[in-house]
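Everything below concerns the one structure shown next.
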Amino acid sequence: MGDSLRVAIAGLGTVGAGVVRLIDTNAGLIARRAGRPIEVVAVSARDRSKDRGIDMGRFDWVDDPVDLARHGNADVVVELVGGSDGPALALARATLASGKGLVTANKAMIAHHGLELASAAEAAAVPLKFEAAVAGGVPVIKGLREGAAANELTRVAGILNGTCNFILSKMEAEGRDFADVLAEAQRLGFAEADPSFDIDGVDAAHKLSILAALAFGTRPAFGSVAISGIRHVIAADIAEAAALGYRIRLVGIAEAGSNGLFQRVHPHLVPMDHPLAHVTGSLNAVMAEGNFVGPLLFQGRGAGEGPTASAVVADLIDIARGEYGPPYAMPADALADAEPEAAGERRGRAYLRLTVADKVGVLAEIAAAMRDAGVSIESLIQRGAASDGSVLVVIVTHEGPERAVAHALDKLSGSPSIIGQPMWMHILG
């Protein structure tokens, strides 16, 4: 058995401590699978005194995480600090410049700076691995980069944020409002104290942009992802969707075609017979379609100590074996610079929920706006008046161009009959 692969870890939160615990617990198995032992030699975190349930005194402690890049005994640095810039990016750049391999779970950094870091890793002939950045312990990056490498992929879609899926599943199962379930998710640790990145779709968009680059051989393009979260989904939307035969899920979709690269994270109505409709709780799932392999489905726990640590250590095992190639499955300079596809000409069906004043003529006004914009209505449902005199109107459209729906909502935006912001969700085809 060969010499140990020596690892330095920056960040000893839930995942960092989990990596140490996993390497300790499965040391013998990991060594046999890797062909040599993997050992932690140095760590860095903000608080030395914190009890992490593990003996950290056996490792070199470095106060500045960037100094791990120059640690004399480390072969690979694991970055678990988080954040797209700041110390995480400084450490990543310094690690690759020092000729050491880098493993990270940092989807924000990879989404914003992945192309730069991939180019640096290739220039230094060192590994850059980020399996844990998308879907936790689900091996979707390895599946797309290696298992489906011979296929042309044209579409990737999935549920990429466990916090949102937990909230929507709870609302669905218990008929509760968004704010109430979000508060519970925060108490249980499924949501951060500031949940904006999760519930507003940014976290899922980071992951989608990484998957799109891997799937289509395009440069990472987080800036062109259309993003809308679940903050404005209400219990009535969940109930109406169920009555229509759907479940609401936050779905990320990326497609590559002759019109460019399309990327979107939005809440969707998902048909009950679709695999994503049955992904509940904090699970993640990713679907892809290859021209020879056909449909692929990856599903599992997308966050937490165990799954994320598992993905990090799997990357370390690959490095120990010497099994790594270009981070995006092809050299960084071979990645295509795809133009973003505009959504307006995309065709599909839509769910629209409007809160309106309970007065004569409102439905006629809405119907006229839809007609004038070229939107064909499949069904229109009006629910009873609330205590404030408002009513809910739910519209499901026939298939048509998205620009028509946008035009109709724009025509209604100045109407005194419309209360608040309409909710527009796409129906997953």
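The values are calculated or read from the model by the stated rules, or taken from the named source; none is laboratory data. Quick caveat: nothing in here was measured; it's all calculated off a predicted structure. So basically every Cβ, Gly included, is an ideal-geometry build from the backbone, and we count neighbours across all protein chains shown.
Selection of strands (runs of 3 or more DSSP E) fully inside region 1-110 by the criterion of at least 3 residues being surrounded by 18 or more Cβ atoms within 10 Å (Cβ to Cβ) and within 26 Å of the chain's Cα centre (by Cα) returns 76-79, 101-104. The residues in region 207-249 that are under 15 Å from the mean Cα position of the chain (by Cα), surrounded by 20 or more Cβ atoms within 10 Å (Cβ to Cβ) and assigned to a helix (DSSP H, G or I) can be counted, and the count is 10. Whenever a residue of region 18-30 is more than 15 Å from Ala132 (Cβ to Cβ), it has no partner that is polar (S, T, N, Q) and part of a helix (DSSP H, G or I) lying with C-beta atoms less than 7 angstrom away and at least six residues away or across chains. The residue pairs whose first member lies in region 259-270 and is on the phi > 0 side of the Ramachandran plot, whose second member is among the hydrophobic types (A, V, I, L, M, F, W, C) and not in a strand (DSSP E or B), and whose beta carbons are closer than 6 Å, counting only pairs six or more residues apart or on different chains, are Gly260/Ala338. Scanning region 250-278 for residues that are modelled with pLDDT under 95 and among the polar types (S, T, N, Q), we see that the one that is surrounded by the fewest Cβ atoms within 10 Å (Cβ to Cβ) is Ser258. Within region 135-184, being touching a Pro at 6+ places or on another chain (Cβ under 9 Å) and more than 23 Å from Phe298 (Cα to Cα) holds for one residue alone: Leu182.
Number of residues in region 323-338 that are surrounded by 12 or more Cβ atoms within 10 Å (Cβ to Cβ) and either hydrophobic (A, V, I, L, M, F, W, C) or farther than 30 Å from Val126 by Cβ (or both) equals 6. In region 114-169, of all residues being among the small types (Gly, Ala, Ser) and assigned to a loop (DSSP other than H, G, I, E, B), the one that is nearest to the chain's Cα centre (by Cα) corresponds to Ala135.
Restricting attention to region 384-429 and to residues that are assigned to a loop (DSSP other than H, G, I, E, B) and either in contact with a helix residue (DSSP H, G or I) (Cβ under 9 Å, 6 or more places away or on another chain) or of a type in the set (Lys, Arg) (or both), the residue that is surrounded by the most Cβ atoms within 10 Å (Cβ to Cβ) turns out to be Leu428.
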